[in-house]
Structures are given as structure tokens and as C-alpha cells.
Amino acid sequence: MVLLAIGVAGILWIERRRFYRRNPAGLQVYRSFGASLTTGAFEAVALLIFRLVALAGLSGLALGAFKTFG
């Protein structure tokens, strides 16, 4: 349950960062080219990790339900 909450919170955090980085035209705005590369790489890795954590939490819940009701 905790893993699922951490995963979902992390995904929402990254998506919120992306949302507030957009300008009125819908494009993401960065201070520099290097910042865009660094931020993009960091968010891609972090999003992958948070999705795996959420998947592990969901799998744990499913396994617990299977053991309880199975």
C-alpha cells in the first residue's frame, strides 16, 4: 500500500512539474538547452522508477488479496 502511494505521488509530482513548465502555447519552457536535457533525463528516469514502484505496490495488493480471498 505504501509503495503504491509513493509511486502515484511521484508520478503526480513529475506531471505537475511538466504542467507548470508550459507556456500559453503549450510548449515546455526551460532556462537553457542544458537545463532541458538535464531535466528531461532526470524526469524520464524518475518517472520510470516511480512507475515501477507503483507497479510493485499494486502487485503487492493483488498478491495480498489473492492470499486473503484465494
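Anything in the stretch 33-54 that is open to solvent by 90 Å² or more (accessible area, probe 1.4 Å) and not aliphatic (A, V, I, L, M)? List them, or say none.
Scanning the stretch 33-54 gives F33, T38, F42, R51.
Name, by its number, the condition in (1) of a type outside the set (A, V, I, L, M, F, W, C); (2) closer than 29 Å to A65 by Cβ; (3) free of Cβ contacts under 8 Å to residues at least 12 places away in the same chain that does not hold for R22.
Every listed condition holds for R22 apart from (2).
How many residues does the stretch 55-64 hold that are touching a helix residue (DSSP H, G or I) at 6+ places or on another chain (Cβ under 9 Å) and open to solvent by 90 Å² or more (accessible area, probe 1.4 Å)?
Qualifying residue count for the region: 2.
How many residues are loosely packed, with under 12 Cβ neighbours inside 10 Å and aromatic (F, W, Y) when one looks only at the stretch 1-27?
2
State the number of residues belonging to the stretch 25-54 that are touching a helix residue (DSSP H, G or I) at 6+ places or on another chain (Cβ under 7 Å) and within 20 Å of A9 (Cα to Cα).
Number of matching residues: 7.
The values are calculated or read from the model by the stated rules, or taken from the named source; none is laboratory data. This one's a predicted model, so the numbers in the text were calculated from it and none came from an experiment. Heads up, the Cβs are rebuilt from the backbone with ideal geometry, glycines too, and the neighbour counts pull from every protein chain shown. To get the accessible areas, we keep the full protein, side chains included, count just its heavy atoms, and leave off ligands, DNA and RNA. Shrake-Rupley method; radii C 1.70, N 1.55, O 1.52, S 1.80 Å.
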